[in-house]
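Here's the structure, in structure tokens; my notes come after.
Please treat every number below as a calculation from the coordinates, not as lab data. All values derive from a computational prediction rather than experimental measurement. Neighbour counts are summed over all protein chains in view; Cβ atoms, including those assigned to glycine, are modelled from backbone coordinates with ideal geometry.
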Amino acid sequence: IQTSPSMSDKDEEICRATEDRNKPPSRATTLVLSAATFAAAVARLSLGPLLPMIAVALNFSKSDQALLLSAYSTGYTLSQIGGGLLADRYGALCVLITSCGFSAGILLLLAFSLTSVYAWNWSFWALGVAAGPLYPVCQVAVAGHAQSLATIDAAAYLGATVASLAPVIGDYAAFYLISAILLISVMVASRYTTNTMPNHAHKRENSGYG
């Protein structure tokens, strides 16, 4: 963007920010975000297919199972708006790493140490809270570019397909361990996209208009 000599420093900064947002995201950014949505979908949508196995292993009643199924969506709903605010304020990369880190930690707890229905309910609620910001993060990071969003969405549907095959593994703990490893891998990979993933953390400043 060419700026005129009369432009103020603030106007030039706005022009540069607009130009940055209009650039298509890098392949690395799209790949990392696709991997994140894939891993999150695997972790989220595997509960339904795995629930009969989990209920038998941990002696969950029918009502326990119903509450468990609703726990994730409740947490996810609560964190959607907050996740968007965080992505705007602190940038996509920071929120992505935090979301994947917390999700991986919760999945490791589910795989190895939690046995009560209360602990599972709270864990899936927390998993929903941790995963809620992921969609706003993708919107911020790719700045609404359709091709990247389509790729990310396709990765989520692929995750749903893999999740439906979870019982084939035969061990819910092993499946959640694999999901946690996937999310940790995304965290590590995202550290290398610092220079390619636009953070787009918005600053609230007085523009001088109105």
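To the nearest 0.05, what FRET efficiency results for Asn59 and Thr98 with a Förster distance of 30 Å applied to their C-beta separation? Don't skip to the end; give the middle numbers.
Working: r = 34 Å, r/R0 = 1.14.
Once the sixth-power term is evaluated, E becomes 0.30.
Per the Kirkwood formula on distinct C-alpha pairs, the Rh of the stretch 50-153 is how many angstrom?
14.7 Å is the Kirkwood radius here.
So the label point goes 7 Å from the Cα of Ser164 along Cα→C-beta, right? Which residues of the stretch 46-71 then have their backbone N under 12 Å from it?
49
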